[in-house]
Amino acid sequence: LSSQFPSEAVALITAGPHIKAVTNYKQVSRRLEEFDVEEKPSSVLEEKYPNLTIIHSAVKSLRTQTHCVETADGRVFAYEKLCICSGARPKLLTQENPHVLGIRDTDSAQEFQKRLAKAKRIVVVGNGGIALELVYEVRRCEVIWAVKDKAIGNTFFDAGAAQFLIPSLEADKEQAAAPCKRQRFTTAEPTPDAAHTFTADEYSRGQNPGPVESGSALGPDWHRGIELRGAEQVSRRVSVEYQCEVEHIFTSEESLVSSKQSPKPDTGGNSSYFSNSSFTSPLFLFSSLPLRSPPPRFSALPAGSWPVYVQLTNGKTFGCDLVVSATGVVPNTEPFLHGNNFSLADDGGLQVDDHMKTSETDVYAAGDVCSACWEHSPLWQQMRLWTQARQMGWYAGRCVAADVLSEPIDLDFCFELFSHVTKFFNYKVVLLGKFNAQGLGSDHELLVRCTKGWEYVKVVLSGGRMVGAVLIGETDLEETFENLILNRMDLTPYGEELLNPDIDIEDYFD
């Protein structure tokens, strides 16, 4: 907007003192893009765009009828067009327990690093991107990983891909944290007489709905340069508890109140355990496991030995130093709903049409706070990821400009095909189209090629045409598969030879 309208006043209202900037941008293919997200001082934007003003304050309320926004410090700003990009907030297991931590922004990641340094065991709850990265990166700490699905990473890939990645949790390798090349800007502590602003968490506790103040979402490389080490002398010990959720969380004081119901150590069951240590304890309890994995070993500690306990729906209870809630996010809409008539989607996001417009006049939305409610391309779906947030923000800016100039605009081609590239367990991961056969029912077939420790390639075919793919490892197939999906080419004549490792399909379909 600032570059499109250099003579118009453009304002960015943000509760945080810094802005998140896309750096190291790389166009991998026509639809795939890689980039890092870096914190920078807001002055960087103001120096680049003289017509841009950055207002450092949380939003207290929005009045769509009078086209104005009130901030936490009492100022009121009128607008001609408004775009809400307030993202999402963590969906925490509980708001009251100080031993439960959600990881969303840089500050919470640093808090986790500090508390992990003193921890001997943590429980991680969740099966999304944050949980995957965290479990892999943590060293010198026992990790109990509770997932509600039959396999890890259910959000991003199927059980076959999960099985390919599982051995990475067994690797007993000490990795020094790579030096963080990005600048890190810190914020001075608020003065004692500074105005208090309520956090998004306080909304969910039903407290006085003041302005929401929370940091920007972590970038895709949030753990890079952060040393995630606990207080144990072992390298890695991860236990995965499948198909379970948290039933109850209680403190050591609560466990001491009723000794009859005091937490017991794990008694075995449907868990997978990976350990490469010689951990010793007064008493061991064993789980039934594949022969290639050593038996799990948990110490039988009396009630009250851990600061917090987690009871799972599979009947097991674990004591730990810290619970990491990585159970997803919810759209951060609270400051904008009171007194307005926004249409909300089933997931709680602001409904937007194919021009990123909400149901309120002159109000747009982009990123995690909104839900795309237009008729989607058969090969695209919304996922609350950094790549889509960036695409939506850029497209929303174009839509606002087109509206101001009374110019027509077509839906951007980035919404034609879902595409995402990331890294899990130190493997490059590329997701294309209906990578998990979303919405296809039984009308599809899968082709899979797997080389242990090297690559995992899955292709989703429907009606003989490729509609999705999962690529793990350095396959160099992303551009070829992207073209095959977009070209809608009938691949029936090739059959299983499509993934024959002896055939260079990249060259064949060039």
**Report entry** Protein accessible area in segment 419-508, 1.4 Å probe - carbon and sulfur %
**Finding:** 44 percent
Query raised in the report: Over segment 11-164, what percent of the accessible surface lies on carbon and sulfur atoms, probe 1.4 Å?
Result: 49 percent
Query raised in the report: How big is the shadow of the Cα convex hull of segment 459-510, averaged over all directions, in nm²?
Result: 3.4 nm²
Query - Values of log10 I(q)/I(0), in the order q = 0.26 Å⁻¹, for segment 419-508 under a Debye, Cα-only, solvent-free model - result: -1.54
Query raised in the report: Residues of segment 1-107: accessible area per residue at 1.4 Å, in Å²?
Result: 52 Å²
Report task. For Gln163 and Ser343, calculate 0.36 nm times their separation in residues minus their Cα-Cα distance, and state this gained length in nm to one decimal. Result -> 60.7 nm
Query raised in the report: Taking 0.36 nm per intervening residue step and subtracting the Cα-Cα distance, what contour gain separates Asn154 from Glu34 on full extension?
Result: 41.0 nm
Query raised in the report: Can you give the extra length, in nm with one decimal, that the chain gains between Thr361 and Gln110 once fully stretched, where that is 0.36 nm per residue apart less the Cα-Cα distance?
Result: 86.4 nm
Requested in this report: Please report, in debye to the nearest 20, how large the charge dipole of segment 419-508 is about its Cα centre when each Lys and Arg carries +1 at its beta carbon and each Asp and Glu carries -1 there.
Outcome: 500 debye
Report summary line: Nearest-0.05 FRET efficiency for Val76 and Lys118 at R0 = 41 Å, using Cβ-Cβ distance, is 0.35
**Report entry** Residue pairs, from the table Lys40/Lys118; Lys91/Lys148; Lys423/Lys452; Lys60/Lys357, whose Cα atoms sit over 20 Å apart
**Finding:** Lys40/Lys118; Lys60/Lys357
Query raised in the report: What is the calculated FRET efficiency for Gln243 to His444, with r their C-beta to C-beta distance and R₀ = 25 Å, to the nearest 0.05?
Result: 0.55
Query raised in the report: With the dipole of segment 419-508 worked out from charges on the C-beta (+1 for Lys and Arg, -1 for Asp and Glu) around the Cα centre, which of Leu461, Thr422, Leu491 lies farthest toward the positive end?
Result: Thr422
Report task. Please work out the average accessible area per residue across segment 419-508, using the 1.4 Å probe convention, and give it in Å². Result -> 47 Å²
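The values are calculated or read from the model by the stated rules, or taken from the named source; none is laboratory data. All values reported here derive from a predicted model rather than from experimental measurement. Every residue, glycine among them, receives a Cβ derived from its backbone with ideal geometry; neighbour counts consider all protein chains shown. For accessibility, only protein heavy atoms count, side chains too; no ligands or nucleic acids. Shrake-Rupley method; radii C 1.70, N 1.55, O 1.52, S 1.80 Å.
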